[in-house]
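S.K.: First the structure, then my questions, so here it is.
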Amino acid sequence: QLGMPPTPTTPPRRASRQLMVGRVPVGGDAPVSVQSMTTTVTADVNATLQQIAELTAAGCQIVRVAVPSQDDADALPALAAKSPVPLIADIHFQPKYVFAAIDAGCAAVRVNPGNIKAFDDRVREIADAAAAARVPVRIGVNAGSLDKRLLAKHGRATPAALVESALWECSLFEEHGFRDLKISVKHHDPMTMITAYRMLARACDYPLHLGVTEAGPAFQGTIKSAVAFGVLLAEGIGDTIRVSLSAPPVEEVRVGEQILQSLGLRPRHLEIVSCPSCGRAQVDVYRLTDQVTAALEGFPHPLRVAVMGCVVNGPGEAREADLGVAAGNGKGQIFVRGEVIRTVPESKIVETLVEEAVRLAGESTEA
Ligand code: SF4
């Protein structure tokens, strides 16, 4: 089979309750889902739907929209009706928007109780409305908006403070028999976040939404998220993920998708195994890798392709690739699973790899 890793490893998942965000299951044995958040003004229905469509095309399975004003709340029925993926309303400060989101047909709501004054007084109403509409609630605790009482007790947003906050807020819902909850305890520091989620994972069986909040610009945020999610997911912790980047949200989805693929939690699509180049390279490895990646982007079968800068170790080093090239002397040795099948001029390397990929995919489908 094409694209299969040599030693598939799927980390055992933490046992968690399963809930439905619209038609997407979260928790239990459901695949880890990728979500993101729109950056448009939610009240601008057309712009928001356009961005939701872009996110969906990139592989996003659940989209969250911010609801900071009445205009945004008024847009929710149209957005919920037309969004191709389940919509979560993100609500701070105003309980009335929670009810508006439930009435609007949103698939879930996210609340940050630390930001809702007199939240405890409204929990029964929120729990009743959410239960009647079968809408799950995410308790989204953030380091930056921790309950004042807990901040005073712990001194700062420690892992224990984040977890205590989340479990306290869950208990308010539990008192009213509502357990369709998922939890996040986000922090901008990966190690604090990892510790908080590990504690939370031991303390409850609610599904967990992973996030490194305010992770930063694309490069830094990608690394922080990959490190934090990688550690947790490899321990089986985490049911849905959101990568937060100071970059267009489609980038968040691409990064999230790649993290799951790297952990073997999603089928790998195109995987390029390219060498870093060195003094032996007989081709511009970076440029050739970019060209091969661009030519095979969106290839409809899993595929692992090696791009090696010289023939010294090329085919041998990349034996586990489906196919690849080892460059040398203005030519490229094209190999399939470590065996050289032909040698072509450098100018023909990319098109030959594409031809071979199509041929291999045909053989794999017939088999
Ligand atoms: Fe260097 Fe060749 Fe290895 Fe690339 S494949 S890193 S060029 S020895």
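S.K.: If residue 244 passes every condition in (1) among the polar types (S, T, N, Q); (2) in a helix (DSSP H, G or I); (3) open to solvent by less than 20 Å² (accessible area, probe 1.4 Å) but one, which one does it miss?
M.R.: Among (1) among the polar types (S, T, N, Q); (2) in a helix (DSSP H, G or I); (3) open to solvent by less than 20 Å² (accessible area, probe 1.4 Å), residue 244 violates only (2).
S.K.: Right, here's the next one. Take region 212-241 and flag every residue that is closer than 26 Å to residue 15 by Cβ, of a type in the set (A, V, I, L, M, F, W, C) and open to solvent by less than 10 Å² (accessible area, probe 1.4 Å).
M.R.: 212, 228, 229, 232, 233, 241 - these are the residues of region 212-241 that are closer than 26 Å to residue 15 by Cβ, of a type in the set (A, V, I, L, M, F, W, C) and open to solvent by less than 10 Å² (accessible area, probe 1.4 Å).
S.K.: Okay, next question. Given (1) more than 26 Å from the chain's Cα centre (by Cα); (2) open to solvent by less than 10 Å² (accessible area, probe 1.4 Å); (3) away from the ligand (no atom under 14 Å from the Cβ), where does residue 296 come up short, assuming only one miss?
M.R.: Unmet condition: (1).
S.K.: While we're looking at this one, here's another question. I need the full set of residues from region 331-344 which are open to solvent by less than 70 Å² (accessible area, probe 1.4 Å) and under 18 Å from residue 287 (Cα atoms), in order please.
M.R.: 332, 333, 334, 344
S.K.: Select from region 153-201 the residues that are open to solvent by 30 Å² or more (accessible area, probe 1.4 Å) and under 19 Å from the mean Cα position of the chain (by Cα) and list them in ascending order.
M.R.: Once the filter is applied, which keeps residues that are open to solvent by 30 Å² or more (accessible area, probe 1.4 Å) and under 19 Å from the mean Cα position of the chain (by Cα), region 153-201 yields 188, 189, 191, 198.
S.K.: Let me ask something additional. Restricting to region 304-322, what's the tally of residues that are within 10 Å of the ligand (Cβ to nearest atom), open to solvent by less than 10 Å² (accessible area, probe 1.4 Å) and assigned to a loop (DSSP other than H, G, I, E, B)?
M.R.: 2
S.K.: Looking at 66, 58 in this structure, which one is of a type in the set (Gly, Ala, Ser), open to solvent by 10 Å² or more (accessible area, probe 1.4 Å) and closer than 17 Å to residue 108 by Cβ?
M.R.: So the residue among 66, 58 that is of a type in the set (Gly, Ala, Ser), open to solvent by 10 Å² or more (accessible area, probe 1.4 Å) and closer than 17 Å to residue 108 by Cβ is 66.
S.K.: Contact list please: Cβ distance under 8 Å, first residue in region 293-309 and at negative phi, second residue within 16 Å of the ligand (Cβ to nearest atom) and among the aromatic types (Phe, Trp, Tyr), pairs at least six apart or on different chains.
M.R.: Cβ pairs passing all conditions: 306/335.
S.K.: Also, quick follow-up: Against the definition (among the basic types (Lys, Arg) and not in a strand (DSSP E or B)), how does residue 342 come out, yes or no?
M.R.: It is false that residue 342 is among the basic types (Lys, Arg) and not in a strand (DSSP E or B).
S.K.: Does residue 360 count as open to solvent by less than 70 Å² (accessible area, probe 1.4 Å) and more than 16 Å from the ligand (Cβ to nearest atom)?
M.R.: Yes.
S.K.: Here's another thing I want to ask about it. Checking residue 29 against (1) open to solvent by 20 Å² or more (accessible area, probe 1.4 Å); (2) within 19 Å of residue 254 (Cα to Cα): exactly one of these is not met. Which one?
M.R.: The number of the failed condition is (2).
S.K.: Within region 247-267, can you find the residues that are of a type in the set (D, E, K, R), under 22 Å from residue 29 (Cβ atoms) and surrounded by 22 or more Cβ atoms within 10 Å (Cβ to Cβ)?
M.R.: Answer for region 247-267, where residues must be of a type in the set (D, E, K, R), under 22 Å from residue 29 (Cβ atoms) and surrounded by 22 or more Cβ atoms within 10 Å (Cβ to Cβ): there is none.
S.K.: Also, I was wondering about something else. Restricting attention to region 268-293, and to residues there that are in a loop (DSSP other than H, G, I, E, B) and surrounded by 15 or more Cβ atoms within 10 Å (Cβ to Cβ), which single residue is farthest from the ligand (Cβ to nearest atom)?
M.R.: Per the criteria, the residue is 269.
S.K.: Let me ask something else. Could you run through region 71-101 and say how many residues are in contact (Cβ under 8 Å) with a residue 24 or more places away in the chain and assigned to a helix (DSSP H, G or I)?
M.R.: Within region 71-101, residues that are in contact (Cβ under 8 Å) with a residue 24 or more places away in the chain and assigned to a helix (DSSP H, G or I) number 18.
The values are calculated or read from the model by the stated rules, or taken from the named source; none is laboratory data. The structure presented is a predicted model; accordingly, all values stated were derived computationally and were not measured. Using ideal geometry, Cβ is built from the backbone for each residue, glycine included, and neighbour counts are taken over all protein chains shown. Protein only, heavy atoms only, side chains kept; ligands, DNA and RNA dropped before computing areas. Shrake-Rupley method; radii C 1.70, N 1.55, O 1.52, S 1.80 Å.
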